[in-house]
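To start, the structure itself, in structure tokens.
All of the numbers you see were taken from the coordinates with simple rules; none came from a lab. Note that the structure is predicted; figures quoted are calculated from it, not measured.
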Amino acid sequence: MAEQKQKGRPATKPVALKEGYYIELRTKGSSSAIKLRRNSMAEIEFATKQYEKSKIVNYLGQVKDGKWIDGKNKGKKTST
């Protein structure tokens, strides 16, 4: 099969995080991680309990209006 080239102009707007609560999931022994978003703190607590047996779970904080409200990045602007 022929390799497809990207069409169109690349995005220039920076990626912004949606409003909500975020945790970071990392496989034990791995350096890469994924961010998981939920709408409420209760959902974050449930997800933490669900994943903590097999993954390293780190609470990142709440995002509102493009800024971190709490967590280790409190007061900073969001950037992926």
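Tabulated data for the structure shown
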quantity	calculated
Whole-Hz couplings from phi, Karplus 6.51/-1.76/1.60, listed for region 51-68; x for Gly and Pro	9, 5, 6, 10, 10, 8, 10, 10, 6, 8, x, 9, 10, 8, 6, x, 10, 7
Rg/Rh ratio calculated on Cα atoms of the chain (Kirkwood radius)	1.11
Calculated from backbone phi, Karplus (6.51, -1.76, 1.60) coupling profile of region 35-50 in Hz, x at Gly/Pro	9, 10, 10, 9, 7, 9, 5, 4, 5, 5, 4, 5, 5, 4, 5, 5
Potential extension, E52-K77 segment - 0.36 nm per residue separation minus Cα distance	6.2 nm
Within the chain, helix-based [θ] at 222 nm, where runs of 4 or more DSSP H residues each add -39,500 (n - 2.57), nearest 500	-4000 deg cm²/dmol
